[in-house]
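Below is one structure, written out as structure tokens; the observations come after it.
The values are calculated or read from the model by the stated rules, or taken from the named source; none is laboratory data. None of these values were measured; they are calculated from a predicted model. Ideal geometry is used to build each Cβ from the backbone, glycine not excepted, and the neighbour counts take in all protein chains shown.
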Amino acid sequence: MATHTSDSLAHGRYQSPRQNAGDPLVQQYLRSHQRSLEAHRTASGHFAAHGATHAVRVADPFRPYITHAAGSRKWDLDGNEYIDYAVGHGALLLGHGHPAVVDAVQEQASRGVHFGENHELELRWAALIAGMMPIAERIEFCAAGQEANLLAMRLARIHTGRRRVLRFARNYHGWADGLVALGAPGSVTAEITEVPFNDRAAIERELATESYALLLTEGGGAHMSGQVPIDLQLQRDLPELAGKHGTLYCVDEVVTGFRDAPGGWQELVGIKPDLASIGKCAGGGLPMGALVGRAELFEPLSPASPAERLVIHAGTWNANPLAAAAGVAACSLYRSGEPQQQAHHAARLFRAKGNEMLKRLGVSARLHGRSIVHLYLGPVEREQYDADFAGPSTNVDWLEGVAYAAVARRLRLHLLQRGIAALRGGLYVFSAAHTAEDVDTTVSALEQSLVAMTEEGTLPTELQ
């Protein structure tokens, strides 16, 4: 990560990181992103995270500052065009500026952006969600996916009379207390237990203590729909394993909900959790979250509940009319499954062509994932695997990518210079708007970037 002196931050002055001095790639990037550089100088005086407003947008020297987007493309202050593989951090399954969503938001904005009252759109939104996710006997809207996870914890504790929550290590559920990884600075997670990812014996051992209110796991596996895939048989067994010991099971579908299928990850793998948290795609690109699940589990939200069980769930942005309008428009299109199929088709094409290119170059790297594709850098343990649900390795540490994080960051900058905006350099989020032409352009840019890194000596020899 780029470094600054405290004085430069305090006065909003930007200083190029010393390690970048004379780096041709960085200098080329700065020359082609002059207006973004000026914006970044200003941002560094406002935002503590190296001028970024989201941890994943932190970059050395900085990510481009975007002015507008359409379909699978976006443009920055300097007029540079990118094929976008962030697509709203996974929220824009339909791509940027889908006419149905734009029209719905514009119409609702003219009618009112916040009523402070109940409204008809929230009813239509809830009906669409329940129609796609059969477990959604009740729906509770909130402002973000992590709020839905917090509500799941609260309701599970009331229902079971227990306090503890069981999670897999490496799974991401938000940054709030109780959701963040154990040991995160400033966090209080005394009631949380983490077990190694995909460790069936550890899960069974902890559940057998019958001290857990909730078991919470990410849909698809760890990190954005399965950078580290979950073992499918274990996933299918988790609802029964939890229920056997009186523990409720919640699947975090903030990323996978409606993206993997109309019914989300649950439909794709055939499971029935007690609860599921959703967000991202469900709002059509506007901020939202919701907890869905069995009706009896939501009884504490009823004002008729006794005081010792009553949960007061307030939230200024719960079922906000603008978000509801976008959500209704988007969810109406998700029901057919066509947008999901289009995104998956483009992703699968990218996987196939990209892996063919990686093999041809002799690079120890492979692509895996469904409509969110992950670039794995490391020892390729196997060539035959179901890339929808598994990776080229079973080593959790290797799959997580920490060992080659610096390589991925370098790759990210090379790709930006070639018109490809991929998060972290190895995360490609597809939408229904991505085309076969986009795929070919991206594979070519990825090949050019890896060749350039080999020539400049930034691709480690063990990956060549």
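Some notes on this structure:
- Given (1) assigned to a loop (DSSP other than H, G, I, E, B); (2) within 18 Å of PHE258 (Cβ to Cβ), index of the condition GLY131 fails: (1)
- Criterion (buried (at least 19 other Cβ atoms within 10 Å of the Cβ), at pLDDT 95 or above and outside any loop (DSSP other than H, G, I, E, B)) met by exactly one of ALA324, ALA319: ALA324
- So ALA148, is it without any contact (Cβ under 8 Å) to a residue 60 or more places away in the chain and either of a type in the set (A, V, I, L, M) or in contact with a Phe, Trp or Tyr (Cβ under 7 Å, 6 or more places away or on another chain) (or both): no
- Residues that are basic (Lys, Arg), modelled with pLDDT of 95 or more, more than 23 Å from LYS280 (Cα to Cα) and in the same structural domain as GLY263 (by TED's automatic domain parsing) do not occur anywhere in segment 344-353.
- Filter result for LEU94 (part of a loop (DSSP other than H, G, I, E, B), buried (at least 16 other Cβ atoms within 10 Å of the Cβ), modelled with pLDDT of 95 or more and out of contact with any strand residue (DSSP E or B) (no Cβ under 6 Å at 6 or more places or on another chain)): yes
- Set ALA290, ALA282: member being touching a Gly at 6+ places or on another chain (Cβ under 8 Å), part of a helix (DSSP H, G or I) and either among the aromatic types (Phe, Trp, Tyr) or within 29 Å of GLY221 (Cβ to Cβ) (or both): ALA282
- Per the conditions (1) assigned to a loop (DSSP other than H, G, I, E, B); (2) more than 17 Å from LEU423 (Cα to Cα), the sole criterion not satisfied by ALA86 is (2).
- Residue ID - farthest from the chain's Cα centre (by Cα), chosen from residues in segment 359-378 that are without any contact (Cβ under 8 Å) to a residue 40 or more places away in the chain and surrounded by fewer than 23 Cβ atoms within 10 Å (Cβ to Cβ): ARG360
- The combined condition, being under 29 Å from VAL113 (Cα atoms) and at pLDDT 95 or above, is not fulfilled by GLU296.
- Wholly within segment 141-247, strands (runs of 3 or more DSSP E) carrying at least 1 residues that are surrounded by fewer than 20 Cβ atoms within 10 Å (Cβ to Cβ), hydroxyl-bearing (Ser, Thr, Tyr) and at pLDDT 95 or above: 192-195
Okay, residues lined up against (1) farther than 25 Å from ILE139 by Cα; (2) among the charged types (D, E, K, R):
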{"position": "ARG154", "(1), (2)": "no, yes"}
{"position": "ARG163", "(1), (2)": "no, yes"}
{"position": "ASN171", "(1), (2)": "no, no"}
{"position": "ASP177", "(1), (2)": "no, yes"}
{"position": "ASP199", "(1), (2)": "yes, yes"}
{"position": "LEU214", "(1), (2)": "no, no"}
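- Contact map, segment 87-113: first residue not assigned by TED's automatic domain parsing to the domain that holds HIS374, second residue of a type in the set (Ser, Thr, Tyr) and in a helix (DSSP H, G or I), Cβ cut-off under 6 Å, separation 6 or more or different chains; the map is empty.
- Unmet criterion (only one of (1) closer than 30 Å to TYR376 by Cα; (2) in contact (Cβ under 8 Å) with a residue 40 or more places away in the chain; (3) in a loop (DSSP other than H, G, I, E, B)) for TRP265: (3)
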